[in-house]
Amino acid sequence: MNSKNIQPSHIYLPIGIKRWHAYWTQINYVYKTKAKKILEIGPGRRVVTDYLIKAGLDISTCDIDSKIKADFYCNLEDIPLEMSYELVLCCEVLEHMPYEKFHSSLKKIYALTTRYVLISLPQRHHLFYFKIIIMNRTLFEFKWIKPIFKRKHIWDGQHYWEVNAKGYSENKIRDDIERVGFKILEEKIYIENPYNRFYLLKKLEEN
């Protein structure tokens, strides 16, 4: 989380259908975990936050940028450990920090959650998707995703790295997540928003 990287002009761009799907996905995972006490790191537009508040859930928010409405402001690594949550949401956040901080950031999140974590990361790939629907019935569906490994990620003012850019393979990300002590319950790409890869994690015994 670095305020120099994420500018308000980027956060408050018009919301496209892919972004709306990302919000829906986060909310859907929250209901799947049945968590009641939640921490959202990097609330952005607060679309997910406000929905969950209206749903009656206990959600706290943290961001480094005081221009974004949050419950408290600090770097991820400075979130007080006396706080604990059933679920930590950290979506489209970790790529805004150098990959050298990925492990320590996950360790901090591990310490903050009592059960679950949901993260999402941007990824690079070629996608081919074909579907035949007649009278609301799916007759045929084909999905082909090819990762782009060779292209090196170039700092774009927002992302330090992305999944499947050179040096950041899917296996590397999985290994680093599991090395912290998480079990990956689900790793999924949605056709409606294939740029984001979602990881639903469960905390295992303390390391």
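Every read-out reported here was derived from the displayed coordinates using simple, explicitly stated rules and does not represent laboratory data. On a predicted model such as this, the values are computed, not experimentally measured, just so you know. Note that we place each Cβ from the backbone using ideal geometry, even for glycine, and neighbour counts take in every protein chain shown.
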Next on the checklist: Need one number: % antiparallel among DSSP beta bridges in the range 61-140, to the nearest 5.
Outcome noted: 25
Checklist entry - Which residues does a label at Arg115 reach in the range 58-88, if reach means a backbone N under 15 Å from a point 7 Å past the Cα toward the Cβ? => result 58-59, 84-88
Checklist entry - To the nearest 0.05, how large is the calculated FRET efficiency for Leu81 and Asp175 if R₀ is 25 Å and r is the Cβ-Cβ distance? => result 0.50
Checklist entry - Using the Karplus equation 6.51 cos²θ - 1.76 cosθ + 1.60 (θ = phi - 60°), what ³J(HN,Hα) coupling, rounded to whole Hz, does each residue of the range 161-172 give in order, writing x for Gly and Pro? => result 7, 8, 4, 6, 5, 4, x, 10, 6, 4, 5, 4
Checklist entry - Going down the table (Lys108/Lys202; Lys54/Lys108; Lys32/Lys203), which pairs top 19 Å between alpha carbons? => result Lys54/Lys108
Checklist outcome for this item: With a Förster distance of 22 angstrom and the Cβ-Cβ distance between Glu186 and Tyr51, calculated FRET efficiency to the nearest 0.05 equals 0.60
